[in-house]
């Protein structure tokens with residue numbers, strides 16, 4: 001059993017750690033509230049925009065397709081892995097790295113694959129084994145639609161110019177504070193939607209249906225990137241809040257256990273001192 005001085009030192013250390021994890025939990029909880037409101041508010045718009053685009057695209061002829069839906073032989077692939085700049089978020093970042101490597105091994109083993117990493121953590125790991133085309137870390141300093149739009153435009157330009165034949169997004173989708181679901185989405189080319197003969201759209205389009213689709217496609221792609229970033233941002237704070245909550249609970253349990261051991265050791269020490277005093281008194285009386 002450790003001596004009293006060692007136990008006191010460990011109790012102080014664990015208590016300090018508990019205060020740090022508790023503070024980080026509260027900070028993440030505050031940030032999560034704002035991030036959750038943002039992703040919850042934009043999801044209906046994003047989903048409705050995608051639904052409208054798919055409904056319109058399904059009624060167009062194949063020769064009217066956009067340059068963003070061009071299907072080519074897949075030789076060059078760009079995977080956009082969205083992680084965070086900071087750790088202490090449980091399996092949040094490691095899940096993205098694992099999913100990214102799994103997708104490469106499963107679907108693009110014999111292809112030229114490069115990574116566009118958003119967030120420092122995924123870049124630090126993936127650059128050891130894969131080629132990094134670009135790393136973006138400053139976007140989380142001001143996560144706005146304008147900044148996400150700039151990233152989306154760069155990706156769209158890379159595809160249109162033919163540098164990559166397919167672009168894939170990998171990110172954590174926010175479910176709730178304790179649950180994040182890894183999503184693998186094809187960004188470009190746009191996944192074609194099969195025509196449904198039963199779908200009838202009784203709308204009057206102004207301007208033409210084709211012009212509306214061509215206008216909506218870039219907006220939908222930009223919104224897809226922004227939604228992925230917002231999902232990942234909310235998921236990060238949810239994962240960190242959950243991880244810090246568990247760390248605080250573990251630290252509390254360890255501190256209580258150490259205090260119990262300390263009290264037992266102190267009681268044993270007191271008992272030994274009493275025994276020594278009694279033994280000395282008896283020796284003097286003889």
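The values are calculated or read from the model by the stated rules, or taken from the named source; none is laboratory data. Model, not experiment: these values are computed from the prediction. Reconstructed Cβ throughout: ideal geometry from the backbone, glycine too, with neighbour counts over all protein chains shown.
Considering the conditions (1) more than 30 Å from residue 251 (Cα to Cα); (2) at pLDDT 90 or above, residue 60 is excluded by exactly one of them, (2). Among the residues of this structure, residue 169 counts as one that is touching a residue at least 60 places away in the same chain (Cβ under 8 Å), part of a strand (DSSP E or B) and in contact with a helix residue (DSSP H, G or I) (Cβ under 9 Å, 6 or more places away or on another chain). With respect to being surrounded by 13 or more Cβ atoms within 10 Å (Cβ to Cβ), at pLDDT below 95 and touching a helix residue (DSSP H, G or I) at 6+ places or on another chain (Cβ under 8 Å), residue 70 falls outside the description. For the range 16-32, the condition of being under 20 Å from residue 227 (Cβ atoms) and either outside any loop (DSSP other than H, G, I, E, B) or at pLDDT 90 or above (or both) holds for at least one residue.
Within the range 227-241, none of the residues are farther than 17 Å from residue 34 by Cβ, part of a helix (DSSP H, G or I) and in contact with a helix residue (DSSP H, G or I) (Cβ under 8 Å, 6 or more places away or on another chain). Screening the range 59-143 for strands (runs of 3 or more DSSP E) wholly inside it with 2 or more residues that are touching a strand residue (DSSP E or B) at 6+ places or on another chain (Cβ under 6 Å) and free of Cβ contacts under 8 Å to residues at least 40 places away in the same chain returns the ranges 112-118, 131-136. Answer yes or no: is there a residue in the range 169-182 that is exposed (fewer than 13 other Cβ atoms within 10 Å of the Cβ) and farther than 26 Å from residue 32 by Cα. The answer is no; no qualifying residue exists. Considering the conditions (1) within 15 Å of the chain's Cα centre (by Cα); (2) closer than 19 Å to residue 221 by Cβ, residue 121 is excluded by exactly one of them, (2).
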